[in-house]
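Asks: Okay, here's the structure, questions in a sec.
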Amino acid sequence: MKTLILKRTKKFFIIPTSPFNFDGTFHKPSHFPNKLKLDDWKPKEYCQTFRVDRDLFAIVIKDKGTLLRPKLEITIYSRANLNAQYLEKIKQEIIYRFGLNFNLSEFNRLIKSDKRFYPIFKKWIGMRSSSQYTLYELLIIAIVLQNTTVRRSQQMLDSLLASFGTKVSFDNKTLWTIWLPKELENVSEEELRALKVGYRAKFIKKLSENFVDGKVDEFKLRDFDKENTKEELMKLYGVGPETARILLFETYHFYDVFDHIAPWQQKIYSRLFYGKKLVSANKIYNDIKSQYGKYSMLAVHYIWEDIFWKRTTKNIPWLEKEIRL
DNA sequence: CATCAGGGCCCTG
DNA sequence: CAGGGCCCTGAT
């Protein structure tokens, strides 16, 4: 097992667009927690391992501002000394991944006319859709989520990390990071299957090859429109419409990717939006689209994360049943 | 004990 | 473009 110790530090500040919600942006309680943690969070402070190209860092982000005058203090932990140019690159990467420069004013006006859910929106005003990960990293997570229960997804990611991940120590903390695509080059499908990832072994193997071969350019896609980005993502082995949708929302910050509702999502939406056990997917789709339009997925995200936040302090029986840990 | 479906996708006909 | 099959696991 590889352990990386990061001792050198550099500090800088980022001013996100206002208003900004620190905890809602840097912590998404709906995401599954595995044992070998990739990040850590407490109110006003967030840290994670952080890949930029082939380099590996750790970052600590602290909330040093307010909702309306936001300010983030970033500390980068690295092995080598970082020059100003490289620091700027890391800074821009943080800004992109967490959507720190997005203008949400139109969305913030829209939610005011929603009498029923405005109290919830108001709690999270300034929250962004974000992905702490590189494209490849989020794809790996999306693949272990496919066609299984959350408990098994956790197990799969943990055993993959234990075999191929890197342990990173910094600032009296230890977190893990996902391997690079190239590091699976000499790993066979059988070895992956031995980690009980099932038929996903082939997906992980071929997907990693796709990245090594340069079949996709994470950064080029940032300039593509939604349809083209989706098309490019779906060229990757193991990526279908649902996985593409997750990436379009979290990695590429498209706010309206509410085009498909899976049965398990349908059950949770039914409770959230109608207080009923089951409402037809078509009705949910039409209602959400007509109310929130080009911010449909973002609006759903606010309501969705809110119930998972509530779940951290109180038991919600129907939700426990639906997420099937 | 057996059967089944799950936070989809690939492949076939 | 509809439908079967897929690795494993926990629920029934």
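Asks: Select, from A:Val168, A:Val150, A:Val239, the only residue that is within 25 Å of A:Ile76 (Cβ to Cβ) and not hydroxyl-bearing (Ser, Thr, Tyr).
Replies: Unique residue meeting the criteria: A:Val168.
Asks: Checking the condition within 11 Å of DNA strand C (Cβ to nearest atom) and either within 15 Å of A:Leu38 (Cα to Cα) or not β-branched (Val, Ile, Thr) (or both), which residue from A:Arg222, A:Arg193 passes?
Replies: After ruling out the rest, the residue left standing is A:Arg193.
Asks: Related question: Are there any pairs with C-beta distances below 7 angstrom linking a residue in region A:213-235 that is under 23 Å from A:Glu185 (Cβ atoms) to a residue that is of a type in the set (Gly, Ala, Ser) and surrounded by 12 or more Cβ atoms within 10 Å (Cβ to Cβ), with the two at least 6 apart or on different chains, and if so which?
Replies: A:Leu233/A:Ala244
Asks: Within region A:308-325, take every residue that is at pLDDT 90 or above, surrounded by 11 or more Cβ atoms within 10 Å (Cβ to Cβ) and not hydrophobic (A, V, I, L, M, F, W, C) and give me the one that is nearest to DNA strand C (Cβ to nearest atom).
Replies: Filtering first and then ranking leaves A:Arg311.
Asks: Give the residues of region A:141-159 that are more than 8 Å from DNA strand B (Cβ to nearest atom) and among the β-branched types (Val, Ile, Thr), sorted by residue number.
Replies: Correct list: A:Ile141, A:Val144.
Asks: Within 25 Å of A:Arg51 (Cα to Cα) and either surrounded by 13 or more Cβ atoms within 10 Å (Cβ to Cβ) or within 16 Å of DNA strand C (Cβ to nearest atom) (or both), is that true of A:Asn210?
Replies: yes
Asks: Look at A:Val168 and say whether it is within 16 Å of DNA strand C (Cβ to nearest atom) and surrounded by 19 or more Cβ atoms within 10 Å (Cβ to Cβ).
Replies: Criteria not met by A:Val168.
Asks: If you take the residues of region A:95-136 that are more than 15 Å from A:Ala299 (Cα to Cα) and of a type in the set (Val, Ile, Thr), which of them is surrounded by the most Cβ atoms within 10 Å (Cβ to Cβ)?
Replies: Applying the filter and picking the extreme gives A:Thr134.
Asks: Examine region A:164-183 for a residue that is in contact (Cβ under 8 Å) with a residue 40 or more places away in the chain, within 30 Å of A:Asp306 (Cβ to Cβ) and within 16 Å of DNA strand B (Cβ to nearest atom), and state whether such a residue exists.
Replies: Within region A:164-183 (the criterion being in contact (Cβ under 8 Å) with a residue 40 or more places away in the chain, within 30 Å of A:Asp306 (Cβ to Cβ) and within 16 Å of DNA strand B (Cβ to nearest atom)), the answer is no, since none of the residues qualifies.
The values are calculated or read from the model by the stated rules, or taken from the named source; none is laboratory data. Because the structure is predicted, anything quoted here is derived from the model rather than measured. Virtual Cβ from ideal backbone geometry, glycine too; neighbours counted across all protein chains shown.
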